[in-house]
Amino acid sequence: MMNKHYAEEFAQKGYTIINSLFSNEEVIQLKQEALTIVNKIDDIDNSGVFLGLTSRSQLFKQAAANQELVNALKEIIGSYVVFMNDKLVFKNSTKNFGSPWHQDYPYWQGSHKYSVWIALDDATKENGCLQVVPGSHLFGEKNHGADSSDGLGFVNRLHQEDIDKDLVIDLPAKQGDAIIFHDLLYHASYPNISGADRWALISTYKDGTQEDPEYKWASAAFIVSEA
Ligand SMILES: O=C(O)CCC(=O)C(=O)O
């Protein structure tokens, strides 16, 4: 049941939150499934980002089409919603760096995309919750030429001087909460200084009526709502 006007908040701030989209039991299952998938892969890079859960797992495919999530996305995007791809962003005692400030748009280009950041662990300032600049989705596409030579991925990074610290807010989240955000929203995460896991699943969607370039990494894209 829709208990919140997601579209209004999203239009204003560039993000909106669905609390407890998944129960703790569902999240534990997802995390276990993710662990099984990741453990089978030998060449995981240093970024702590792993693409393509849905293409490997029915459980993740079901999660991507979760009805409450799709209803919220329809409010924001319109009636034709396409899932594009998902990724695991796992921070832990070794992958403990904060994700740098960026917009997602430089990665995707084309039509605007809508990502859903789902907490697979409680996320706090100490273990690396998200930080955002509310309303920055209205600032347009910014230059992402900041240095990214540290080998930690995230090749598109905003310049530090583009982030007005007074406007930044933290988005702590409970396990199972979902944060839907616009691909122009400035976002980053804190370093994980806790020594414990802070895993998140990020699923990306688009308006199916929009033409786009061919995305090789979205080969498992599927329609989650057509009407
Ligand atoms: O969970 C995080 O650290 C943010 C990751 C992120 O923004 C991304 O992978 O695009």
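If you go through the stretch 164-171 one residue at a time, do you hit one that is surrounded by fewer than 15 Cβ atoms within 10 Å (Cβ to Cβ) and within 14 Å of the ligand (Cβ to nearest atom)?
Step one: list which residues in the stretch 164-171 are surrounded by fewer than 15 Cβ atoms within 10 Å (Cβ to Cβ), which gives 164-167, 169-170.
Next, only the ones that are within 14 Å of the ligand (Cβ to nearest atom) stay: 170.
Among the residues of the stretch 164-171, at least one is surrounded by fewer than 15 Cβ atoms within 10 Å (Cβ to Cβ) and within 14 Å of the ligand (Cβ to nearest atom), which makes the answer yes.
Please enumerate the residues belonging to the stretch 183-205 that are part of a strand (DSSP E or B) and either β-branched (Val, Ile, Thr) or open to solvent by 20 Å² or more (accessible area, probe 1.4 Å) (or both).
The initial filter retains those residues of the stretch 183-205 that are part of a strand (DSSP E or B), namely 187-189, 198-205.
Listed by number, the residues that qualify are 202, 204.
Can you tell me which residues in the stretch 72-94 are open to solvent by 60 Å² or more (accessible area, probe 1.4 Å) and assigned to a helix (DSSP H, G or I)?
Passing the criteria: 74, 75.
Is it the case that the stretch 40-53 has a residue that's away from the ligand (no atom under 16 Å from the Cβ), in a loop (DSSP other than H, G, I, E, B) and among the acidic types (Asp, Glu)?
Within the stretch 40-53, the first condition is being away from the ligand (no atom under 16 Å from the Cβ), and the residues that meet it are 40-43.
With the extra rule that they be in a loop (DSSP other than H, G, I, E, B), the set shrinks to 40-43.
Going one step further and asking which of them are among the acidic types (Asp, Glu), we end up with 42-43.
Yes, the stretch 40-53 contains at least one residue that is away from the ligand (no atom under 16 Å from the Cβ), in a loop (DSSP other than H, G, I, E, B) and among the acidic types (Asp, Glu).
Can you tell me which residue is most open to solvent (accessible area, probe 1.4 Å) among those in the stretch 95-121 that are closer than 19 Å to residue 15 by Cα and among the charged types (D, E, K, R)?
Once the filter is applied, the top-ranked residue is 104.
If I filter the stretch 151-158 for residues that are in a strand (DSSP E or B), open to solvent by less than 50 Å² (accessible area, probe 1.4 Å) and without any contact (Cβ under 8 Å) to a residue 60 or more places away in the chain, do I get at least one hit?
Looking only at the stretch 151-158, we keep the residues that are in a strand (DSSP E or B), and these are 157.
Retained after the next criterion (residues that are open to solvent by less than 50 Å² (accessible area, probe 1.4 Å)): 157.
With the extra rule that they be without any contact (Cβ under 8 Å) to a residue 60 or more places away in the chain, the set shrinks to 157.
Yes, the conditions are met somewhere in the stretch 151-158.
Tally up the residues in the stretch 124-136 that are within 11 Å of the ligand (Cβ to nearest atom) and farther than 19 Å from residue 176 by Cβ, please. I'd like the intermediate steps shown before the answer.
If we filter the stretch 124-136 for residues that are within 11 Å of the ligand (Cβ to nearest atom), which is where we start, we get 127-132.
Subset that is farther than 19 Å from residue 176 by Cβ: 131-132.
Summing the residues that are within 11 Å of the ligand (Cβ to nearest atom) and farther than 19 Å from residue 176 by Cβ in the stretch 124-136 gives 2.
Could you give me the residue pairs with C-beta distances under 6 Å whose first residue belongs to the stretch 106-123 and is more than 12 Å from the ligand (Cβ to nearest atom), whose second residue is open to solvent by 30 Å² or more (accessible area, probe 1.4 Å) and assigned to a loop (DSSP other than H, G, I, E, B) wherever it lies, and which are 6+ apart or on separate chains?
110/212; 110/213; 111/210; 111/212; 122/174; 122/175
For (1) modelled with pLDDT of 95 or more; (2) within 23 Å of residue 50 (Cβ to Cβ); (3) among the hydroxyl-bearing types (Ser, Thr, Tyr), each residue gets a yes or a no:
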| site | (1), (2), (3) |
| --- | --- |
| 65 | yes, yes, no |
| 68 | yes, no, no |
| 97 | yes, yes, no |
| 106 | yes, yes, no |
| 139 | yes, no, no |
| 152 | no, yes, no |
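The values are calculated or read from the model by the stated rules, or taken from the named source; none is laboratory data. What you see is a predicted model, and the numbers here were worked out from it, not measured in a lab. When we count neighbours, we look across all protein chains shown, and the Cβ atoms used for this are built from the backbone with ideal geometry, even at glycine. Areas reflect the complete protein model, heavy atoms only, side chains present, ligands, DNA and RNA absent. Shrake-Rupley method; radii C 1.70, N 1.55, O 1.52, S 1.80 Å.
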